[in-house]
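Structure first, then comments.
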There are 2 protein chains.
Amino acid sequence: MGLEFKIEATDGAARRGVLETARGSILTPAFMPVGTAATVKAMLPQSVQETGADVLLCNTYHLMLRPGAERINDLGGLHKFMNWSGPILTDSGGFQVMSLSNLRTVTESGVTFRSHIDGSAHELTPARCMEIQQMLGSDITMVLDECTAFPATVDEFERSMELSLRWAAACKNEYTPSDGKGLLGIVQGGIDATLRERSAKGLIEIGFDGYAIGGLAVGEDQSQMFETISGTVPFLPKDQPRYLMGVGKPDDIVGAVRRGIDMFDCVLPTRSGRTGQAFTERGTVNIRNARHADDPRPLQENCSCPACTDYSRAYLHHLVKSKEILGATLMTWHNLHYYQTLMAGLRQAISAAKLDEFCEIFDENQKLGNIPAQ
Amino acid sequence: MGLEFKIEATDGAARRGVLETARGSILTPAFMPVGTAATVKAMLPQSVQETGADVLLCNTYHLMLRPGAERINDLGGLHKFMNWSGPILTDSGGFQVMSLSNLRTVTESGVTFRSHIDGSAHELTPARCMEIQQMLGSDITMVLDECTAFPATVDEFERSMELSLRWAAACKNEYTPSDGKGLLGIVQGGIDATLRERSAKGLIEIGFDGYAIGGLAVGEDQSQMFETISGTVPFLPKDQPRYLMGVGKPDDIVGAVRRGIDMFDCVLPTRSGRTGQAFTERGTVNIRNARHADDPRPLQENCSCPACTDYSRAYLHHLVKSKEILGATLMTWHNLHYYQTLMAGLRQAISAAKLDEFCEIFDENQKLGNIPAQ
């Protein structure tokens, strides 16, 4: 029952592993593109797969509101609905309830809120959260947690972390285990090391198929985030996957992998793609900048994605300036390809025990900045 | 020099032919998807090609304003810019000057106007129109014409048609012929049969590689359009391609093919796709309608496009209601596939001398209307 996680190589705190699910293997460290409303925005699922993605993250909050979990269940589940046959991780909805919904009220039993789409009333309890993710057909289910606002006092972090622990226990009770699927706990506690330790130990006592670190990438700076990861990882089981939620920029991911994280998700490559920002080996490129209007060169010279092999910066600039849909598609494609190539590089470096060297080259290239204008 | 057109079969007034260009063959009757701003909106060029499109239409007006004809020329031409290796027909810009630009002034020498994008001043003369299309690298170039407003008096139609004839002669003088590329004249004259005849004869005297019928699909009803086609076609050379500009709905195309038209372009399949309207064998389907929210069936049962083979009406409904980019892509894909399948069916029917039978079945199916709700 549950998920099988094999660690195949380590380099310092970093690990290269394989998470086996009923719908396929996930090579770790892994980046999960975000398919918010049952679509990775602007992309066909087979194109997402071609970038090297093994697994998607979909948002329970969005899907429960539209088109509705019962409807997706009736239609045969999320995989069939969105034409993605690989594993899907669904979040608990807790984060979006806090960031998107209206009139939310948190009580011991759960959270009630109004939809940001049509104002309709909804409730997420641990039991309902498990039911929804089950109806979606999730391969990796997340417990309901309260994502504490940042910054907050230690008392607030503590109250919130304790509530999340009780909800985690309730989720575990409600969750029906099955082969090749799993339930992950979420460590909370803000940037307080003691609270993070207590949260981790509390979750391990309940017992999960893996452990996420939540409540980061919410406004703290990178050094606080890295410190919190380094302070939390030692309390997590060595033989189970560790997932850093909602992170992040390429250098966030590299730093977190070095600190022992196995899984990531983030809207950055997709969202930035739609606004004209590309991630490249030499840092970010804003394709809207007029300097690209006549540039026949690709976004990134040695990149094998369709945006780079078939199109110039000048064309991408034209598409994005003209608000053409193809601009969003090609920029997103490149960014997802960049992220997956970065993950493959990290995995290879860990296997070869050359992670320090890889990270040094990564940093040097990032610092080079965009190629000079012609 | 110029374009080679071979007619391989006829059925009544309808013809099945091949228009040979330097960049590939165009099977006729042909439908040209519209790639307004150097992109068929929401589609990758290889996906457009997979639908069966041999040739694209791109808009001179849009491209001269943004990114600019000189820029595209410097970047190696439109084909390289937009990654389309097949033939491209460019229009003259005249139609969009009338429908989109501001402060336009038509004189004997051409038309001056202000860009709808940034208000900048521009001029289109016959010479400039030929120069722009040459810089774009157009395979099939259209003469500059004045698209007369509809309705108009016979005097207005006549004055405008005569001006277009003089511009056509000037374009012919400015155009540099080359092998596998061609220049097409445009018959004007509104819905007046005498003017259309005079326009056709005037153009033939100048001599072009093919003849378009312009100034239709501008507000006249279908019977007026068909009457004008039937009244014009007899005056056009039998051995050269005939192109009906800006048309149309599937039944417009079927009716025009029966009247001897070889080429079409229209924004309907792409524009409708982005607003949630699908063209199917059983007429149009508005996927936004709530009746589709739970429907597991494809848009069209026997359709082999990705939108129909991989996705349900319920999913397409969800995407379009959620304003997801993938919704625009899949709906456009289906519509372009539907149009190309229709053209392939027409070509096959002409070859088999069974066009009447084909049209009868087409009409019957269209009248059936959308499949009943489940």
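Just a few scattered comments:
- Within the shell of other residues whose beta carbon sits under 11 angstrom from the beta carbon of A:H79, the net charge comes to +1, with Lys and Arg scored +1 and Asp and Glu -1.
- Around the Cα centre of the stretch A:1-61, unit charges on the Cβ atoms of Lys, Arg, Asp and Glu (plus for the first two, minus for the last two) sum to a dipole of about 140 debye.
- Ordering B:T60, B:T107 by the number of other Cβ atoms within 10 Å of each residue's own Cβ, fewest first, gives B:T107, B:T60.
- Local net charge near B:V18, Cβ-Cβ under 15 Å (Lys/Arg +1, Asp/Glu -1): -2
- ³J(HN,Hα), Karplus 6.51/-1.76/1.60, whole Hz, each residue of the stretch A:78-91, x for Gly, Pro: 5, 4, 5, 3, 9, 6, 10, 8, x, x, 10, 9, 10, 7
- Spin-label model, A:T10 to B:T275: label points 7 Å out along the Cα-to-beta-carbon direction sit 6.2 nm apart.
- Using C-alpha pairs under 8 Å with a sequence gap of at least 6, the mean separation divided by the residue count of chain B gives a relative contact order of 18 percent.
- Label-point gap, in nm, between A:D155 and B:T105 - each point 7 angstrom along Cα→Cβ: 7.6
- Scanning chain B for the beta carbon that comes closest to the axis linking it by rotation to A yields B:I325, 3, distance in whole angstrom.
- Restricting the calculation to Cα atoms, the stretch A:276-366 shows an Rg/Rh of 1.04 when the hydrodynamic-style radius is the Kirkwood one.
- GluC sites (Glu not before Pro) lying in DSSP loop within the stretch B:149-250, provided at most 15 other Cβ fall within 10 Å: none
- For the stretch B:97-230, the residue among B:A193, B:G137, B:L103 whose Cα projects farthest onto the positive side of the dipole built from Cβ charges is B:G137.
- The residue among B:G231, B:G182, B:S164 whose Cα reaches farthest toward the positive pole of the charge dipole of the stretch B:137-273, with charges on the beta-carbon of Lys, Arg, Asp and Glu, is B:G182.
- Reported to the nearest whole Å, the Cα centre-to-centre distance from the stretch A:301-359 to the stretch B:33-86 is 23.
- Copy-to-copy label separations for B:T10, where each label sits 7 Å from Cα toward Cβ, in nm and ascending: 8.3
- Under a 5 Å amide H cut-off, with hydrogens placed 1.01 Å from N, A:D295 pairs with A:A314 among residues at least 5 apart or on other chains.
- Nearest-first distances (nm) between copies at B:R282, label 7 Å from Cα via Cβ: 5.6
- Long pairs among A:K323/B:K249; A:K6/A:K201; A:K367/B:K80; A:K172/A:K249; B:K172/B:K249, criterion Cα-Cα beyond 24 Å: A:K323/B:K249; A:K367/B:K80; A:K172/A:K249; B:K172/B:K249
- Spacing of the modelled spin labels on B:M1 and B:L368, each 7 Å from Cα toward Cβ, amounts to 5.2 nm.
- Sequentially through the stretch A:266-274, phi angles give Karplus couplings (6.51, -1.76, 1.60; θ = phi - 60°) of 6, 7, 3, x, 7, 4, 4, x, 6 Hz, Gly and Pro residues having no value and appearing as x.
- Charge tally in the Cβ shell below 14 Å around A:D91, where Lys, Arg are +1 and Asp, Glu are -1, A:D91 excluded: -4
- Based on the Stokes-Einstein relation at 10 °C and a viscosity of 1.306 mPa s, and on the Kirkwood radius from alpha carbon pairs, the protein assembly as shown is assigned a translational diffusion coefficient of 56 µm²/s.
- 222 nm mean residue ellipticity, helices alone, for the protein assembly as shown (DSSP H n ≥ 4; -39,500 (n - 2.57); rounded to 500): -12500 deg cm²/dmol
- Cysteines without a disulfide-compatible partner [chain A; Cβ-Cβ under 4.7 Å]: A:C58, A:C129, A:C147, A:C171, A:C266, A:C305, A:C359
- Span from the the stretch B:191-239 Cα centroid across to the the stretch A:115-152 one, whole angstrom: 63
- DSSP-defined antiparallel bridges as percent of all bridges, chain A, nearest 5: 50
- Rounded to whole numbers, the Karplus 3J(HN,Hα) couplings from phi for the stretch A:23-31 are 9, x, 8, 10, 7, 10, x, 10, 10 Hz, using 6.51 cos²θ - 1.76 cosθ + 1.60 with θ = phi - 60°, and x at Gly and Pro.
- Dividing the mean sequence gap of close Cα pairs (under 8 Å, 6+ apart) by how many residues the stretch B:273-368 holds gives a relative contact order of 33 percent.
Only the coordinates and a few stated rules stand behind these numbers; no lab work does. Keep in mind that this is a model prediction, so the values were computed, not measured. In this analysis, Cβ positions are derived from the backbone assuming ideal geometry, glycine residues included, and neighbour counts consider all displayed protein chains.
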